Amino acid sequence: MTVVGTRRRVDLAVPADAAIAEYTPALLTLVGQVELDETFPPVWSLALPGAPPLAPEASLREAGVADGATLYLRDVAADEFDEPVVTDLEESVEKTRDGVTAWGRRVRACTTLVLAVLGLVAALVVLAWSGSADSYRPGTGVGAMVVAFALALLAWHSTRQGWSLSLGLRLITACAAVPLLATSAACLPVASESLAGLLLALSAGALVGALAALLAVRHVTTLMAVAITGITLVLTAALTLSRTSLLESAAVVSVSTMGVLAAAPKAAGHFAVLAGSRAGGSDPYADEAEVLRLVKRGQRVLIGTNLLGSAVAAACLVVLGAADHAFAVALTACLGLALILRAGRLTMAPAVVPMVAAGTLGLAVALVRAPGNFGAPPWTGPVALLGAAVLALAFGLGRAFRADADEERPTWIDTLAGFFLLASVPVAVGV
């Protein structure tokens, strides 16, 4: 008979009535396959081509192997420690539902609570802004204030008492105070006298609501709400007291937003730490899991800040880019290029893409509208945008087909981005 191993094959005669296990050690030596695993030692036997291994305690005659057959050395225990294979289709389908939240009693209750909170907010906001609301606007303001503080108190009490309300539900309940107190402030008599008074009342009410939410639930979301509403109140007060136009307001807000985006990477880490930690000891940084959690929290703060800041910047750049004002168009170009160039300093795509999209939108609007606004034929702008898009397409294809390599970011990009950012300040003054 012929015995085939992994290294060589030999022709030899073996006793037909002896157990295969009795002479497999000699066969291993002959074929040069002496490989021992002390952890999971192999159990060698012989097998016909395409057939499972024969039982080591059986003989060739008992197995019905004919004389002159070709046999292969096989490890009987080779698949002993493999994971079981699920062949039941229903069981496989059930496993696909493991990562999906089931629609159960708790989810139904949470959904009902969220919809109820949103319904309260929507009803009071619509009631306050109804066309014939002058007669009952003071009562609406008082009702909105009572509901806001009641929801904040509910979130605070559920946090202190350890109720089974989830963190997300407590945050929604607490943050509902922001629009409710803004609505309450908008119902004050001073808010109905002028647009400036209305904007100031809305901003101040939103800030008070954010502070109430922070006192109810100390979380990075409520901290960010306080920061956002605080910045909004400062800008609103400065712009309304200065009686700026829409174009001037867009210039101030866009430059201020660029400053916020520039400080966002460092500020995100500070907000993540200020939100508190779950570590019971005095030093939360001693626990590696706690440090990783703080890092993840800081990343989420940075992504959220960039999303919101990019949305505000995009709206301002659209207003500036569509204007027939030379300084406004120049400011759009400076800020759009600064957004695109500075975005590459970050490594997280969800934080980079919004900045690039906002800068590209501003440049596209300016490229389409500026030529026509300054005396060029109407088709000049779209053709210029078409040419820029073709160049960007060629550049993108070239980058896409290049081999992946760890390229160091050129220093001149940050220098150029800083130049555009600094140049935007005097240009904004000219607007």
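Can you compute the radius of gyration and Dmax for segment 2-75, using only the Cα atoms, both in Å?
Spelled out, the Cα radius of gyration and Dmax of segment 2-75 are 11.6, 36 Å.
Let me know the volume per residue of the alpha-carbon convex hull for segment 168-219, in Å³. Kindly include the intermediate steps, with their values, before the conclusion.
Details: hull volume 2.8 nm³, N = 52.
Once divided by residue count, the hull of segment 168-219 is 54 Å³.
Arrange the peptides 356-363, 246-253 so that the one whose residues have, on average, the most other Cβ atoms within 10 Å appears first.
Order by mean packing, descending: 356-363, 246-253.
As I understand it, the dipole of segment 2-75 uses +1 on the Cβ of Lys and Arg and -1 on the Cβ of Asp and Glu, about the Cα centre. Which of Leu73, Thr2, Ala58 lies farthest toward its positive end?
Thr2
Enumerate the whole-percent occupancy of each 5 Å bin, from 0 to the last occupied one, for all C-alpha pair distances of segment 123-232.
Result, from short to long distances: 2, 15, 22, 21, 17, 12, 7, 3, 1, 0 percent.
With unit charges on the beta carbons (Lys and Arg positive, Asp and Glu negative) and the dipole taken about the Cα centre of the chain, which residue among Leu233, Thr360, Gly381 sits farthest to the positive side?
Going by the charge dipole, the pick is Leu233.
Calculate the dipole size of segment 2-75 relative to its Cα centre from +1 charges on Lys and Arg beta carbons and -1 charges on Asp and Glu beta carbons; express the result in debye to the nearest 20.
The dipole of segment 2-75 has a size of about 300 debye.
From the P(r) of the chain, could you give the percentage of C-alpha pairs in the tail past 31 Å?
It works out to 64 percent of all Cα pairs.
Run the dipole for the chain about the Cα centre, Lys and Arg Cβ at +1, Asp and Glu Cβ at -1, nothing else charged, and hand back the magnitude in debye, nearest 20.
In debye, rounded to 20, the chain gives about 2660.
Take every DSSP beta bridge whose two residues both sit in the chain, then give the antiparallel share in percent to the nearest 5.
Roughly 75 percent of the beta bridges in the chain run antiparallel, per DSSP.
Compute the FRET efficiency between Val353 and Leu167 as 1/(1 + (r/R0)^6), taking r as their Cβ-Cβ distance and R0 = 35 Å, and round to the nearest 0.05.
Efficiency at R0 = 35 Å is approximately 0.80.
Helix 220-242 sits at what angle to the longest principal axis of the chain, using alpha carbons and giving 0 to 90 degrees rounded to 10?
Approximately 30 degrees, to the nearest 10.
Round to the nearest 10 and give me the degree value, 0 to 90, for the angle of helix 177-186's Cα axis relative to the longest principal axis of the chain.
10
Could you work out the relative contact order of segment 169-327, using alpha carbon pairs under 8 angstrom and six or more residues apart, expressed as a whole percent? Write out the running numbers ahead of the final one.
Numbers: 158 pairs, mean separation 32.4, N = 159.
That works out to 20 percent.
What ranking, highest mean first, results for peptides 333-342, 298-307, 66-75 when packing means the other Cβ atoms within 10 Å averaged over each residue?
Ranking, from highest mean packing down: 333-342, 298-307, 66-75.
Given bins 5 angstrom wide, list per bin the percent of all Cα-Cα distances in segment 129-181, short to long.
Spelled out bin by bin, segment 129-181 gives 4, 21, 23, 17, 13, 9, 7, 5, 1 percent.
What does the helix-only formula give at 222 nm for the chain: each DSSP H stretch with n ≥ 4 adding -39500 (n - 2.57), the total divided by the residues, and the result rounded to the nearest 500 deg cm²/dmol?
Numbers: 14 runs with 279 residues, N = 431.
The helix-only estimate for the chain comes to -22500 deg cm²/dmol at 222 nm.
Which distance in nm do the two modelled labels at Asp324 and Val425 give, with both placed 7 Å along the Cα-to-Cβ direction?
In this crude spin-label approximation the distance works out to 3.3 nm.
Compute the relative contact order of the chain as a whole-number percentage, counting only Cα pairs closer than 8 Å that sit 6 or more residues apart in sequence.
Values: 529 pairs, mean separation 39.0, N = 431.
Across the chain, relative contact order equals 9 percent.
Where a number appears in this text, it was derived from the coordinates with a stated rule and is not lab data. Worth saying up front: this structure is predicted, and the values here are computed from it rather than measured. Cβ atoms come from the backbone with ideal geometry, glycine included; neighbour counts cover every protein chain shown.
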